[in-house]
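Peer 1: Dumping the structure here so I can ask a few things about it.
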Amino acid sequence: MTDHRIGPPHFGPERETLRAFLDYHRATLAMKCEGLGDEELRQRSMPPSTLNLLGLVRHMAEVERAWFRRVFEDHDAPMVWSDHVDFQAAYDTEGATRADAFAAWEAEVAHSRRIEREAESLDLAGLQPRWGEEVSLRMVMLHMILEYGRHNGHADLLREGVDGAVGA
């Protein structure tokens, strides 16, 4: 694994700091998958868990869509990997490929970045359809940082289990 991530600033405006932390976490997930093929990415943590790196990438594509596209643009946007709201479907990686998972994840990240950059402020309100409540862009960005942080911890352990690589 080569660490190409750009660290968040130690000082700066709130929005740029949140954006930098979120992008740092996105880069961390990509780094944890670097150099691995489909079979390695599908390697499970330990029975009976089905958790693997490929499933995490697929899950984060769903999360990006659910928290940016569905909240701020299209409340009825379909899920990426299921016909109904089922975040667990992303973890079914039988037959899934790195190419498909990363293409979906990168497309959702690009969509999320566009929504954030076009927003006039972090106070932009959107409807979280699962809750039926409005949330701010600020809350969504913080939630996404927490979501990536939690799953990057899983990715650390999964990667170590695949080939012993640790760090970052």
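The values are calculated or read from the model by the stated rules, or taken from the named source; none is laboratory data. The shown structure was predicted, so the numbers you read here are calculated from the model rather than taken from an experiment. Every residue, glycine as well, gets a Cβ built from its backbone with ideal geometry; the counts of neighbours run over all protein chains shown. With ligands, DNA and RNA removed, areas are computed over all heavy atoms of the protein, side chains included. Shrake-Rupley method; radii C 1.70, N 1.55, O 1.52, S 1.80 Å.
Peer 1: Could you order 91, 24, 148 so the one with the most accessible surface comes first? Probe is 1.4 Å.
Peer 2: 24, 91, 148
Peer 1: Now for a separate question. Can you tell me the 0 to 90 degree angle between the C-alpha axis of helix 137-163 and the longest principal axis of the chain, rounded to 10?
Peer 2: Value to nearest ten degrees: 10.
Peer 1: Compare 80, 57, 85 by solvent-accessible area with a 1.4 Å probe and give them largest first, with all protein chains kept in place.
Peer 2: The most accessible residue leads, giving 85, 80, 57.
Peer 1: Kindly express, to the nearest 10 degrees and within the range 0 to 90, the angle between helix 98-118's C-alpha long axis and the longest C-alpha principal axis of the chain.
Peer 2: Tilt relative to the chain: about 20 degrees.
Peer 1: With point charges of +1 on the Cβ of Lys and Arg and -1 on the Cβ of Asp and Glu, referenced to the Cα centre of the range 74-154, which listed residue (132, 88, 154) lies farthest in the positive direction of the dipole?
Peer 2: 154
Peer 1: Please report the carbon-and-sulfur percent of the accessible area for the range 48-168; probe 1.4 Å, protein heavy atoms only, DNA, RNA and ligands left out.
Peer 2: 51 percent
Peer 1: Of the options 21, 35, 99, report the single residue whose Cα projects farthest towards the positive end of the charge dipole of the range 6-107 (beta-carbon charges: Lys, Arg +1; Asp, Glu -1).
Peer 2: Most positive-ward Cα: 21.
Peer 1: What accessible area per residue, rounded to a whole number of Å², is obtained for the chain using a probe radius of 1.4 Å?
Peer 2: Spelled out: the 1.4 Å probe surface of the chain, per residue, equals 51 Å².
Peer 1: A further question follows. Run through all the Cα pairs of the range 1-107 and give the fraction in each 5 Å bin from 0, expressed as whole percent.
Peer 2: 2, 12, 19, 20, 18, 15, 9, 4, 1
Peer 1: List the longest stretch of the chain that has no exposed loop site; here a site is one of the GluC sites (Glu not before Pro) assigned by DSSP to anything other than H, G, I, E or B, with at most 10 other Cβ within 10 Å.
Peer 2: Formally, the longest exposed-site-free interval is 1-93.
Peer 1: Compute the long axis of helix 14-33 from its Cα atoms, compare it with the longest principal axis of the Cα atoms of the chain, and write down the angle in degrees, 0 to 90, nearest 10.
Peer 2: Once rounded, the angle reads 20 degrees.
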